[in-house]
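Single-structure report; data block below.
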Amino acid sequence: MKAFALRLAVFALMMAAAVDVRAQNLGSTESSEHLIKAGYVYNFAKLVEWPAWATPKGQPIVIGVLGNDDFAAVLSHAVDGKKVDDRVFVVKRLKSRDPLKDCGCRILFVAASESARTDEIIQFQNASSVLTIAEAPDFAKRGGIIALTLGEDSKIRFAINVDAAAQASLTISSRLLTLATIVHTAR
Amino acid sequence: MNLRNLSIERKLTLLAMLTSTLAVVLSSASFLIYDLVTFRSILSQDLATEAQIVAYNSAAAMAFNDEAAATVQLSALTAKQDLVAAVLYKSDGTVFAHYYRAGSPKPELPAPVEGREARVASGHIEVFNDVSLRGERLGTLFLQSDMQRWNTRARQYAGILVIFVLLSGLLAWFVSSRMQRLVSRPILDLEQAMRIVSVDKNYGVRAVKTTSDETGRLIDGFNTMLAEIQHRDKALQRANNDLKTRTQELEDEIVHRKRTQEELLKAKDAAEEASRAKSAFLANMSHELRTPLNAIIGYSEILEEETRDSGPAENVRDLRRIQGAGKHLLSLINDVLDLSKIEAGKMALHLETFEVESLLEEMITTLQPAAERNANRLQLRVHGDIGSMHADITKVRQILFNLLSNACKFTENGTVTLDAERQPGSEDRLYFRVTDTGIGMTPQQQRNLFQYFAQADSSTARKYGGTGLGLAISQRFTHMMRGDIHVTSHSGQGSTFTLELPAKVAPEAAEPSSELPASPPVVETLSDLPARTTVLVIDDDVSVRDLMSRFLEKLDYRVISAPSGLEGLRLAREIQPDIITLDVVMPQMNGWDVLDQLKSDPALASIPVIMITVVDHEALGLERGASNYLVKPIDRDRLAEALDRHRRPDEDSMALALSGDR
């Protein structure tokens, strides 16, 4: 754990410009993990391209966070003032009951607690070209796009389902793919 | 080794080889430098491109902090052999991931540089490139190359270049050593030919012309020069031979001439000897001839006078003919004597100063009878003040006499005019012009006028008489006095002779006196001593003494004669005569010695002495104190005139009375 904490600290230093240090106020390993994941989400946004219709010019990129308000807060801090192609980020907290269709999200973060809604999420993802990122380890295998998992070496890894991304009309940068575990939808 | 003393072959080879090698080296080196510079910039660009790719590819790994993935990315650069190091720096400058070439020492890492930069430093190419993701800078990539490929290429190229230069140099040597013969062969041939010429002196050698370039022309020129030398050599040889022959001929000629000269000298001596003999002979002959002539003329004159009074008239005529023939013979002898003297160069000038006008008047008077003989009028015209002249008066008189008597002789019932004129100027000269109205001469006659024995024609001599020597002698005399004589005449219209003489004649050498063989002395004294003017006649010739006595007694002189100089001196002291006539040429003691003794004796010095001789030495005589000088045969009129001057004063009236009687 000590090594992990050190690495986190290093990473935190690296992201110092991008992520608000108030996250340290959370003080727990959980908040560190949130901070890292927030960075990941930001990086994913840079390495994924949406179809033209989905990203009109000047429109902000809306990130929906489903089932974890703490993370939403951390993320909101992390992407505050950041831009990708002159578009700012907007973080929306989504409740378990909230319908997904109207949220206008381009990125949807699904907390582990919302694994039950996986099918619905996948449906939404395919229909609306939404980059879905879930903490459930089998999310990608089940048809989701990116699954964030905590490995045995306490390092956060991610798996990408290239089929699902293609189905959702998303283009994922090869540079991202080289870093990811590639999975295909189980049949 | 001095480059200048190399053979021309080596020079040419070296020249071509060095030039081509230099060109090859320069062009190769410039190509090499260009290539290496270009290659380095290519390498640099390659590395920059590489850096861009690697930076792009490793951006995601850096974004996700995936060190392993980044390391894997960098490890792909292993294929690049000259890449020494590849380092990814984080934005805070710390190393995120790195790759070092295996086997190479760990390089010193420089501080990261923002942006994009490529530099070459200490044999390395270093490239920095930003690593960024969607405009967000994450870090810096640093690549360092040791230019291994560049070095290898440089080494290889240098090697190739060296080999290439060596090969091309070798080829250039090979080609130039063959090609140079084009130039050097004719020159070497020419040199060979020249050596043969200078060592063997064989000018028949010719250099062979193989080309028609400058060398060819040089060879042509050389051959032409040789031909010219050969030609001149032959000409020189010929000329030398000619010269030898000529020299030999000249030597022969000189020997011949020397011999001739000796012969000529001998001949000249003989001729001079003969001439001397002739002159002596002539002088003796004249003397010997004149002595009897004196007797003939003198006695015939006396006889004529005596016969005129009493004898038959035909005898008088005959006697006159004897006189005329004698006088002609005498003048002939005198002329011949003069000529012989002139020819022998013994005729001398006796210069004195005299009044010209009185001389001319005397001449007119003398010639009046001759003029009257042909009923001619003789007139004298003196133009201006004629003054005096310094000349040989005897010769001037003789010349004028000759001219005037000729004029009178060849004119009848006409006029003979003597014009005299002085023309002072740069050279003070006198002109005497004798003009007659006589028969004149043809041009042919004028040409021969001054020749010996030249008269208008042979018939002239018979008709007019004369010796034909007068004009020739006159001309010689004139020339002796630096004067000139010439004639203008037309046949039938008279003649004009012009005598031109300098007013002051330059003196010449005095004539040596001549000696004559001695004859035994004859002493004869005339005892009749009347108290009249006494004349002492000193002469060795008895006929002269007799003639003089008879002639002088007729003129009422008391005559005493002495047959020798000694006797004459004795008598002179004894009787103190009023006048002495003295012969010059006498045996034992000649007239000059007598004259000297007379003049040195105070008792006798005042007695006037008249020299009477066959030898014409008037000037000498006058110089030594003689009062007059008469030349034999004696002209009685002149003798009478001369004596008359010295007649005793108390007898003058009587003498005048006597002359008046005649």
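For the protein assembly as shown, with all protein chains present and a 1.4 Å probe, just round the carbon and sulfur fraction of the accessible area to a whole percent.
Working: 24710 of 45170 Å².
The computed percentage sits at 55.
The heavy atoms of B:Val162 offer some 80 square angstrom of accessible surface to a 1.4 angstrom probe.
Simple point charges give the picture: +1 on the Cβ of Lys and Arg, -1 on the Cβ of Asp and Glu, and for the stretch B:49-197 a dipole about the Cα centre of about 920 debye. Per residue, the protein assembly as shown exposes an accessible area of 53 Å² to a 1.4 Å probe, with every protein chain left in place. For the set B:Thr365, B:Thr534, the ranking by accessible area, highest first and with no ligand, DNA or RNA atoms included, is B:Thr365, B:Thr534 under a 1.4 Å probe.
Contact residues in the stretch B:112-156 by the 50 Å² criterion (accessible area, 1.4 Å probe, full protein complex versus chain alone): B:Leu133, B:Arg134, B:Glu136. Among the listed pairs A:Lys57/A:Lys141; B:Lys278/B:Lys395; A:Lys57/B:Lys90; B:Lys278/B:Lys341; B:Lys268/B:Lys341; B:Lys409/B:Lys554, those whose Cα-Cα separation exceeds 21 Å are A:Lys57/A:Lys141; B:Lys278/B:Lys395; A:Lys57/B:Lys90; B:Lys409/B:Lys554. Summarising the label geometry, the points placed 7 Å from Cα in the beta-carbon direction at B:Arg308 and B:Arg246 lie 8.1 nm from one another. With unit charges on the beta carbons (Lys and Arg positive, Asp and Glu negative) and the dipole taken about the Cα centre of the protein assembly as shown, which residue among B:Ser310, B:Leu566, B:Pro112 sits farthest to the positive side? Checked the options; the winner is B:Pro112. Solvent-accessible area of B:Val585, all protein chains in place: 20 Å² (probe radius 1.4 Å, heavy atoms, ligands and nucleic acids excluded). Beta-bridge orientation, chain B: approximately 65 percent antiparallel, per DSSP, counting only bridges with both partners inside.
Here the stretch A:67-122 is assigned +1 on the Cβ of each Lys and Arg and -1 on the Cβ of each Asp and Glu. Its dipole about the Cα centre then comes out at about 120 debye. Toward the positive end of the charge dipole of chain B, with +1 on the Cβ of Lys and Arg and -1 on the Cβ of Asp and Glu, the farthest Cα among B:Asn57, B:Ala274, B:Leu403 is that of B:Asn57.
Nearest 0.05, what FRET efficiency do A:Glu49 and B:Ile42 give at R0 = 41 Å with Cβ-Cβ as r? Before the final figure, lay out each step's value.
Numbers: r = 35 Å, r/R0 = 0.85.
Efficiency, from the Cβ-Cβ distance: 0.75.
Computed from the C-beta positions of B:Arg4 and B:Gln237, the FRET efficiency with R₀ = 45 Å rounds to 0.65.
Hey, could you get me the Stokes-Einstein D for chain B, Kirkwood radius over alpha-carbon pairs, 10 °C and 1.306 mPa s, rounded to whole µm² s⁻¹? Taking Rh from Cα pairs, D becomes 41 µm²/s.
Count the DSSP beta bridges whose two residues both fall in the protein assembly as shown, then state the antiparallel fraction as a percent rounded to the nearest 5. Beta bridges within the protein assembly as shown, antiparallel portion: roughly 60 percent.
Treating only the Cβ of Lys, Arg, Asp and Glu as charged (+1, +1, -1, -1), what charge dipole size does the protein assembly as shown show about its Cα centre? Round to the nearest 20 debye. Walk me through the intermediate numbers first.
Values: 96 positive and 109 negative charges, 1735 e Å.
Using Cβ point charges on Lys, Arg, Asp and Glu, the protein assembly as shown gives about 8340 debye.
Counting only heavy atoms of the protein chains and using a 1.4 Å probe, B:Glu352 has close to 60 Å² of accessible surface. Residues B:His287, B:His486, A:His34 ordered from highest to lowest accessible area at a 1.4 Å probe: B:His486, B:His287, A:His34. Take the accessible area of chain B alone and of chain A alone, subtract that of the pair, and you get about 1600 Å² summed over both chains, using a 1.4 Å probe. Can you bin the stretch A:64-106 into rounded, prolate or oblate? Criterion: square roots of the alpha carbon gyration tensor eigenvalues sorted a ≥ b ≥ c, rounded for a/c under 1.5, prolate for a/b above b/c, oblate for the rest. Cα axes put the stretch A:64-106 in the oblate bin. Shape of the stretch B:261-359 from its Cα gyration tensor (a ≥ b ≥ c, root eigenvalues): rounded if a/c is under 1.5, otherwise prolate when a/b > b/c, or oblate? It is oblate, given that a/c is not under 1.5 and a/b is not larger than b/c. If R0 is taken as 41 Å, the Cβ-Cβ distance between B:His490 and B:Glu343 corresponds to a FRET efficiency of 0.80. Under the shape rule built on the C-alpha gyration tensor, where the axes satisfy a ≥ b ≥ c, the stretch A:74-184 is rounded, since a/c falls short of 1.5. Using Cα positions and a limit of under 26 Å, work out the lysines in reach of B:Lys234, with same-chain residues fewer than 8 apart set aside. Correct list for B:Lys234: B:Lys201, B:Lys209, B:Lys244.
With 30 Å² as the minimum drop in accessible area between chain alone and full protein complex (1.4 Å probe), the qualifying residues in the stretch B:51-74 are B:Tyr56, B:Ala60, B:Ala63, B:Phe64, B:Asn65, B:Asp66.
Taking all protein chains together and a probe of 1.4 Å, list B:Phe410, B:Phe477 from the most accessible to the least accessible. Please list the in-between numbers first.
Details: B:Phe410 50, B:Phe477 5 Å².
So, going from the largest accessible area down, we get B:Phe410, B:Phe477.
The residue among B:Gly298, B:Leu190, B:Trp592 whose Cα reaches farthest toward the positive pole of the charge dipole of the protein assembly as shown, with charges on the beta-carbon of Lys, Arg, Asp and Glu, is B:Leu190.
Working note: 222 nm ellipticity from helices only, DSSP H runs with n ≥ 4, each -39,500 (n - 2.57), summed and divided by the residues of the protein assembly as shown, gives -17500 deg cm²/dmol to the nearest 500.
The values are calculated or read from the model by the stated rules, or taken from the named source; none is laboratory data. Fair warning: this is a prediction, and the values are worked out from it, not measured in the lab. So basically every Cβ, Gly included, is an ideal-geometry build from the backbone, and we count neighbours across all protein chains shown. Accessible surface areas use protein heavy atoms only, side chains included; no ligands, DNA or RNA. Shrake-Rupley method; radii C 1.70, N 1.55, O 1.52, S 1.80 Å.
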